[in-house]
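What follows is one structure encoded as structure tokens, with my remarks underneath.
The values are calculated or read from the model by the stated rules, or taken from the named source; none is laboratory data. Bear in mind that the values here come from a model prediction, so they are computed numbers and not experimental data. Please note: Cβ atoms are built from the backbone with ideal geometry, for glycine as well, and neighbour counts cover all protein chains shown. We work out accessible area using only protein heavy atoms, side chains counted, and drop any ligands, DNA or RNA first. Shrake-Rupley method; radii C 1.70, N 1.55, O 1.52, S 1.80 Å.
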Amino acid sequence: QVQLVESGGGLVQAGGSLRLSCAASGGTRSSYAMGWFRQAPGKEREFVAAISRSGYYIVYADSVKGRFTISRDNAKNTVYLQMNSLKPEDMAVYYCAAKASVEILTSPFDYNYWGQGTQVTVSS
């Protein structure tokens, strides 16, 4: 069983930056593929970024490519999402997710562990 706790959300002006963290406990964390997803009110949960368990393979949604960076520190059992040049359309609840897998996973249906989410608000 893996527990995930996100932090780092908040209110930021358009063009600003935030760094989200996802701390994992339980299980063998370095064996888990990790992902970030977001969900805005009235919309489906959408893929943001994913990283393989080694950290070698990374995938981004087109909407965040060049602005967001996903990384992981297996020694600290933590995954990060650095978000730069934030736009009002980035405003959502951000969730991290995990699954024991050798693959890199981009669908929310692929993951079986989820955090509680952290709110990101971007003012224009």
Which one is least open to solvent (accessible area, probe 1.4 Å) among residues in the range 30-82 that are within 16 Å of SER7 (Cα to Cα) and small (Gly, Ala, Ser)? GLY35
Checked the range 111-124 for anything in contact with a Lys or Arg (Cβ under 8 Å, 6 or more places away or on another chain), open to solvent by 20 Å² or more (accessible area, probe 1.4 Å) and touching a residue at least 60 places away in the same chain (Cβ under 8 Å); matches are TYR113
Name the strands (runs of 3 or more DSSP E) wholly within the range 4-95 that hold at least 3 residues that are farther than 17 Å from PRO108 by Cβ and without any contact (Cβ under 8 Å) to a residue 24 or more places away in the chain? 68-73
All-but-one check, ASP90 against (1) acidic (Asp, Glu); (2) open to solvent by less than 40 Å² (accessible area, probe 1.4 Å); (3) within 11 Å of the chain's Cα centre (by Cα), failing number (3)
Residues that are farther than 24 Å from VAL102 by Cβ, among the charged types (D, E, K, R) and more than 12 Å from the chain's Cα centre (by Cα), drawn from the range 11-64: LYS43, GLU44, ASP62
